[in-house]
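The values are calculated or read from the model by the stated rules, or taken from the named source; none is laboratory data. Bear in mind the structure is a predicted one, so any value in this text is a computation, not a measurement. Virtual Cβ from ideal backbone geometry, glycine too; neighbours counted across all protein chains shown. For accessibility, only protein heavy atoms count, side chains too; no ligands or nucleic acids. Shrake-Rupley method; radii C 1.70, N 1.55, O 1.52, S 1.80 Å.
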Amino acid sequence: MSVFSRGFRGRRADSDTHLPPGQYLTEDFPVLTAGPTPRVDTDTWTFTLTTETGRSQSWTWKDFLALPQEHPHTDIHCVTRWSKLATDWTGVALDTFLDKVDTAADYALAYCYGDYTTNLPLEDLRHGQAWIVHEFDSHPLPPEHGGPARLLVPHLYLWKSAKWIRGVRLLDHDEPGFWEQAGYHDYGDPWREQRYWGD
Ligand SMILES: Nc1nc2c(c(=O)[nH]1)N[C@H]1C(S)=C(S)[C@@H](COP(=O)(O)O)O[C@H]1N2
Ligand SMILES: [Mo]
């Protein structure tokens, strides 16, 4: 942001309207992964949506790229207190996938290549608020940032944006994911500083 002089960079600037409480700006893009980075081949990649009745639909990499592509331009906020402003992504809105399935579910659990999971209310994946992204800054998403494709849900803390996404299970009940079971907040709204259980 041009309003910040060099000296301000990296410092807390809670008065900035773009920064949720307790966050500081960063210009680089830290990598935060619990465990090893899986190598996922687009030749075998699939994204699967499973409903609460057990019906599922899968998309191959080719199917995925043939869907309408969007270009979210958004700020991202990590619970470890860094925020990165005005990031650029390419991907497919979750609405596009959800339109293809019949569901009355209220919750979703994202799962990945690797063991990571994270839960969200299904509503938070709808209405142009969430994407499966495969490009960052017009380049293929690097493996350490979740490539070939990750979930992006920028209105929640970044732990909800599951890297190496493999599918989403739609559920009639809430099922805490990896960090949520470890004490992170179930919902994770950065503007309400919902970092940990009880916040
Ligand atoms: N599969 C998977 N997704 C993940 C994680 C992870 O460990 N595994 N870490 C989460 C956390 S805690 C954060 S802050 C962001 C970090 O994304 P980045 O490494 O691209 O900055 O990814 C989230 N998605
Ligand atoms: Mo995180």
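So the values come out like this:
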| quantity | calculated |
| --- | --- |
| Neighbourhood charge, 13 Å Cβ-Cβ cut-off, centred on residue 31 and excluding it, Lys, Arg +1 and Asp, Glu -1 | +1 |
| Counting DSSP beta bridges with both ends in the chain, the antiparallel % (nearest 5) | 85 percent |
| Quotient of Cα Rg and 2.2 N^0.38 Å for region 136-199, N being how many residues it contains | 1.24 |
| Interchain or long-range residues, amide H under 5 Å from residue 149's placed H | 164, 165 |
| Gain upon complete extension [residue 32, residue 139; 0.36 nm per residue less C-alpha separation] | 36.6 nm |
| Full-extension gain in nm, residue 66 to residue 95, via 0.36 nm per residue minus C-alpha separation | 8.9 nm |
| Percent carbon-and-sulfur accessible area, the chain, ignoring ligands, DNA and RNA, probe 1.4 Å | 49 percent |
| Accessible surface, the chain, averaged per residue in Å² (probe 1.4 Å) | 50 Å² |
| More than 31 Å apart - percent of Cα-Cα pairs taken over the chain | 15 percent |
| Paramagnetic reach from residue 174 (point 7 Å along Cα→Cβ, amide N under 17 Å) across region 92-107 | 105-107 |
